[in-house]
Amino acid sequence: MKRILRTPLGLSAAVLLLAVLVLAVIAPLVWTDQANAVDTAQISRGSTAEHWMGTDNLGRDVFLRVLVATGLSVRLALLATAIGVLAGLVLGAVPVVLGRRAGRVVTAVVNIAVAFPALLLALFFAVVIGPGTTGSLLAIGFATAPGFARLVQTLVAKVAGLDYVAAARVAGAGRIRLLVRHILPNVAEPLVINATMAAGAALLAFAGLSFLGLGVQPPEYDWGRLLGEGLQGIYLRPAAAIAPGVAVVVAGLAFHLFGEALSKGFTRHTAPVKLRRTEAASAVPTDDDAVLVVEDLRVAFPGVTPVRGVSFTVGQGEAVGIVGESGSGKSLTALAVARLIEHPGQVDAQRLTFQGRDLRNGDDRVHRRLLGTSLAMVFQDPMTSLNPAMRIGRQLAEVAEQHQGASRKQAWQRAVDRLRAVRIPDPERRARQYPHEFSGGMRQRAMIGMGLMGKPALIIADEPTTALDVTVQRQVLRLLRTIRAADGAALLLISHDITVVSQVCDRVLVMYAGRVVEDLPADELHTAARHPYTRALLAAVPDMTTDRDLPLAVIPGRPVDAAQVPTGCAYAPRCPLATERCVTAHPPLETDNGRRVACWHADVPVQVGDRGE
Ligand SMILES: Nc1ncnc2c1ncn2[C@@H]1O[C@H](COP(=O)(O)OP(=O)(O)OP(=O)(O)O)[C@@H](O)[C@H]1O
């Protein structure tokens, strides 16, 4: 608010609006009797020193009546806006609460209603409900609602796709809680701004309806009615029409300008986000001790199947890395495991077991609870992964309150303790701060801390260091390693950086065009990689021995478009070893001594580091 009042626009709009609101309260209390006093000696007079704006046809002072009418005009405008905002909020938020099908019906109704001009709707309702104050109040309220509903739908849809909402969903938050705690607080600013402006528009609409005789009825009067009366004698007493007209314009302007100032004041200047990375160990787990078993996982969207039959296991305490170029399906694989693929995405698997529970069938709430307590998700961008409108400590505490039945105080203490565990300095004070008060690295650590509120059996970290600078990357990777050692949690680390994965993980899965093409222990990556794509990825990483006079190695060609995957081996068009067979037949993922590779030429002895050109 201070920021808004510091600008000339903000200050003058606030003063003007305050004056209007104060007048709306005081004028009816002070001047009602005088404004209603009939004086037959002063009927239909023009402006005089005694009656600045003249008198009406009963000799009543027009200026005092305009002042008194401020109360009813402003009150009705605010009430109608409140009705419109409330109805708009309900209609706009319903799709999130009711689910897709019912939501679609509501959206269609809103879309149709939005197509009609608000004033036309107001006239329609006013005629249907009947003339009078209540009728016009409901009419203007209902006419305001569709515009608001559309705005709410758009804002909610935008926020619902952000990582922190996904994180809350993984943590087991229900739809209503998601809406009330995580979505609505983050769309409140534009709603407040629009509501302020809508109040100005409602004021004008009321004046219009009363002027037409559909709004306020005698003996009550608002500016619209006074305007109608004044207009009848405009040639003889123009001031009687001008005074209520000016009042409508000034009050309307006050609301609009204040809304404008709010919107400028609320515009946030976010700090740029930074970048960072981790390291690891080995052993292919058996299905029995696996935390996660994924078999033939497919993720499809209309017209495209970006994940095409991925199988892997993550053992207790094991760190598995998934590498591959952008678009290879790494993130979708992780999202599918956490059950975060949204419509129209379709997830399909022969087996999808987390801690021995089949996630494909059974009670959704039971799965949510299991994932909420035993799975921690760390997303790439910690700024969008945390709710900007909630204190960090509260966001962490919510997990303990919801899943461990902890009291508010206990949950807060655990949140502080977890922040300390992820090396946030002065955690008591920091827990009371908002995400924007944290640096990029601290936000990422807080996100990891949130995952540790339960006792996760698996941490899925999707590019956790990409948005951080190099020094902070190391800290976060070290932290993930320490947590694994302390809590025995398994880790599924997704990265396009094969060096990071080889340092942090026990085992590496290499993905290409939605499939696993190689799976091997991380410490054998540089000596025993057999797939030409893995070799090319390794060769593209410069090291101390790289000749700096030569251009850096790159993988020739472009990654496959997920919508147009060729038959045969998807890597064939870029592969130096490709033959006719590679183009026509897809190589199966063969298991050999715990390692897996999908290549017809896996046995061709190409040196690791060979660029294959
Ligand atoms: N909602 C969606 N609808 C259609 N296609 C999608 C959708 N989400 C992802 N894809 C497609 O799936 C492919 C794989 O996406 P994914 O995010 O899993 O890749 P990735 O390997 O994690 O890449 P990056 O490292 O860039 O995140 C992408 O090429 C993308 O075009």
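The values are calculated or read from the model by the stated rules, or taken from the named source; none is laboratory data. Fair warning: this is a prediction, and the values are worked out from it, not measured in the lab. Using ideal geometry, Cβ is built from the backbone for each residue, glycine included, and neighbour counts are taken over all protein chains shown. Side chains are part of the model used for accessible areas, which takes the heavy atoms of the whole protein and leaves out ligands, DNA and RNA. Shrake-Rupley method; radii C 1.70, N 1.55, O 1.52, S 1.80 Å.
Descriptive notes on the structure:
- Farthest positive-ward along segment 2-266 dipole, Cα basis, beta-carbon charges - from 111, 76, 147: 111
- Of interest is the spacing of the C-alpha centroids, which for segment 490-516 and segment 122-175 amounts to 44 Å.
- Think of a 1.4 Å ball rolled over the protein heavy atoms: the chain then has 46 Å² of accessible area per residue.
- In terms of distances greater than 27 angstrom between alpha carbons, the cross-link table entries 409/455; 158/409; 158/330; 330/455 yield 158/409.
- Computed from the C-beta positions of residue 366 and residue 470, the FRET efficiency with R₀ = 51 Å rounds to 0.75.
- Label-to-label distance, residue 100 versus residue 295, with points set 7 angstrom from Cα along the beta-carbon direction: 2.7 nm.
- Taking 0.36 nm per residue of separation and subtracting the current Cα-Cα distance, fully stretching the chain between residue 558 and residue 115 would add 155.0 nm.
- Gain in span if fully extended, residue 30 to residue 124, counting 0.36 nm per residue against the direct Cα distance: 30.2 nm
- Placing +1 on the Cβ of every Lys and Arg and -1 on the Cβ of every Asp and Glu, with no other charges, gives the chain a dipole of roughly 1160 debye about its Cα centre.
- Label positions at residue 75 and residue 253, each projected 7 Å from the Cα along the C-beta direction, are separated by 2.7 nm.
- Percent accessible area from carbon and sulfur atoms, segment 2-266, protein chains only, probe 1.4 Å: 72 percent
- Most to least packed among 33-43, 252-262, 574-584, 178-188 [average Cβ atoms within 10 Å]: 252-262, 178-188, 574-584, 33-43
- Segment 349-368 and segment 401-417: distance between their alpha carbon centers, rounded to Å: 27 Å
- Expressed as a whole percent, the accessible surface of segment 376-505 that belongs to carbon and sulfur atoms is 49, based on a 1.4 Å probe.
- Considering only 206, 258, 126, and ranking their Cα positions along the charge dipole of segment 2-266 that arises from unit charges at the beta-carbon of Lys, Arg, Asp and Glu, the one farthest toward the positive end is 258.
- Rounded to 0.05, the FRET efficiency of the residue 44 and residue 154 pair, given R0 = 41 Å and the Cβ-Cβ distance, is 0.20.
- For segment 188-227 versus segment 556-608, the spacing of their alpha-carbon centroids is 70 Å.
- Accessible surface, 1.4 Å probe, highest first, among residues 403, 531, 343: 343, 403, 531
- Residues residue 90 and residue 11, FRET efficiency given R0 of 30 Å [Cβ-Cβ distance, rounded to 0.05]: 0.30
- Solvent-accessible surface (1.4 angstrom probe) belonging to residue 26, in square angstrom, nearest 10: 80 Å²
- Counting DSSP beta bridges with both ends in the chain, the antiparallel % (nearest 5): 65 percent
- Descending by average beta-carbon neighbour count within 10 Å, the peptides 558-568, 520-530 line up as 520-530, 558-568, the highest first.
- Computed from point charges on the beta carbon alone (+1 for Lys and Arg, -1 for Asp and Glu), the dipole magnitude for segment 2-266 about its Cα centre is near 1400 Debye.
- Helices that extend 24 Å or more along their long axis by alpha-carbon positions and average at least 1.0 on the Kyte-Doolittle scale are, among the DSSP H runs of the chain, 8-36, 62-98, 133-160, 188-211, 239-266.
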